[in-house]
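Notes follow the structure.
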Amino acid sequence: NNQGIFAEDTNDIILRGNHVYNNALAPTSDKIETKAILLVGVASSYVLNNTVTHNRGGGIAVTDNGPINPGALTPGTPKPAMNNVISGNKVTDNEESCGIVVAAFNPGQGAIGNLVTGNTVSRNPAGIIVAANPPGTSAIDNVVSGNAITDNFLPGVIIHSNAPGQRVQGTIVSGNTVRGNGADQEVGLADPAGIIVVGAVAKVQDTLVVGNRVSGEKYGVWVSGAEGTVVQGNGFDPSVGTPLFIR
């Protein structure tokens, strides 16, 4: 009914080679996160070479823990999500939520130093997201590298802060292949974009977008409400109407 695999307040675990499908079909509450594979308050762990497909609640998520527990109905022990690796997974055709998410829910904890690399992320509502959620939360020094991110309904890579007092900083987006993803009306983006960096209230800081290959999009890299963003060495196919947009 909820997640397929749920890990909480632990570290040094490996989730490898699983086929996770048809989960979140009848969630027991509308207040919990129902990603097919969900790590909450987990550190130094690996999600490797899994197939995550046809889940109603989205694909894979790594979040911190605390008073807002995105996995269970009761608060968890406050712990950050640190130094986890999500690699080599196939995350496709999931409904109602995002393919892979690294996100912070609890002030004072955070999602820090996580690596999302070498995954195939396709035909989900969104591709890969790094974000902070409630006010005062932080997502710092996370890396999205070497993924194939195609044909998602929202942009392929989303780096996002959306509330006061947040810190989304030091994200690296490098070496990804991004193609044929969609728009995001909620942030004022009416046309398809490959990679977006968006600070709705607090500015997203010090994002590095380097060495990505983008095709089949109106915008290659779309930046709004951010400072210190560096975009360099990317390859934009002629099908990309505006390689770089900053407002």
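The values are calculated or read from the model by the stated rules, or taken from the named source; none is laboratory data. Treat the numbers as computed from the prediction; the structure is a model and nothing was measured. With ideal geometry, Cβ positions are generated from the backbone for all residues, glycine too; neighbour counts draw on all protein chains shown. Protein only, heavy atoms only, side chains kept; ligands, DNA and RNA dropped before computing areas. Shrake-Rupley method; radii C 1.70, N 1.55, O 1.52, S 1.80 Å.
Among the residues of segment 1-43, how many are of a type in the set (Gly, Ala, Ser) and closer than 16 Å to PHE105 by Cβ? Before the answer, list the steps.
Residues of segment 1-43 that are of a type in the set (Gly, Ala, Ser), as a first pass: 4, 7, 17, 24, 26, 29, 36, 41, 43.
Pick out the ones that are also closer than 16 Å to PHE105 by Cβ and you get 7, 29, 41, 43.
Looking only at that region, the number is 4.
Scanning segment 11-43 for residues that are at pLDDT 95 or above, more than 21 Å from LYS90 (Cα to Cα), surrounded by fewer than 24 Cβ atoms within 10 Å (Cβ to Cβ) and of a type outside the set (A, V, I, L, M, F, W, C) gives ASN11, ASP12.
Once segment 211-247 is narrowed to residues that are surrounded by 15 or more Cβ atoms within 10 Å (Cβ to Cβ) and of a type in the set (A, V, I, L, M), the residue that is farthest from ILE140 (Cα to Cα) is VAL240.
Just one of (1) farther than 23 Å from GLY127 by Cβ; (2) modelled with pLDDT of 95 or more; (3) not small (Gly, Ala, Ser) fails for ASN83. It is (1).
Applying the criterion of at least 2 residues that are touching a His at 6+ places or on another chain (Cβ under 8 Å), aliphatic (A, V, I, L, M) and under 23 Å from VAL201 (Cβ atoms) to the strands (runs of 3 or more DSSP E) found wholly in segment 86-176 leaves 128-132.
Against the test of being at pLDDT 95 or above, buried (at least 24 other Cβ atoms within 10 Å of the Cβ) and in contact with a Cys (Cβ under 8 Å, 6 or more places away or on another chain), the options GLY127, GLY99 yield a single qualifying residue, GLY127. When segment 202-247 is filtered for residues that are more than 19 Å from the chain's Cα centre (by Cα), assigned to a loop (DSSP other than H, G, I, E, B) and among the aliphatic types (A, V, I, L, M), only VAL240 remains.
If we scan segment 31-48, do we find a residue that is among the polar types (S, T, N, Q) and within 19 Å of ASN114 (Cβ to Cβ)?
Within segment 31-48, one or more residues are among the polar types (S, T, N, Q) and within 19 Å of ASN114 (Cβ to Cβ).
Scan segment 205-247 for residues that are small (Gly, Ala, Ser) and within 12 Å of GLY194 (Cβ to Cβ) and report the count. Step through it out loud before you land on a result.
Step one: filter segment 205-247 for residues small (Gly, Ala, Ser), giving 211, 215-216, 220, 224-226, 228, 233, 235, 239, 241.
Add one more test, that the residue is within 12 Å of GLY194 (Cβ to Cβ), and what stays is 215-216, 220, 235, 239, 241.
Counting residues in segment 205-247 that are small (Gly, Ala, Ser) and within 12 Å of GLY194 (Cβ to Cβ) gives 6.
Okay, residues lined up against (1) in a strand (DSSP E or B); (2) buried (at least 17 other Cβ atoms within 10 Å of the Cβ); (3) not acidic (Asp, Glu):
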site: VAL178; (1), (2), (3): yes, yes, yes
site: ASN181; (1), (2), (3): no, yes, yes
site: ASP191; (1), (2), (3): no, no, no
site: VAL197; (1), (2), (3): yes, yes, yes
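Taking segment 48-80 as the region of interest, how many residues are closer than 17 Å to THR34 by Cα, open to solvent by less than 40 Å² (accessible area, probe 1.4 Å) and in a strand (DSSP E or B)? Number satisfying all stated conditions: 7. Of all residues in segment 173-198, those that are over 17 Å from GLY146 (Cα atoms) have Cβ atoms under 6 Å from Cβ atoms of residues that are open to solvent by 50 Å² or more (accessible area, probe 1.4 Å) and among the aromatic types (Phe, Trp, Tyr), 6 or more apart or on another chain, in GLY182/PHE153.
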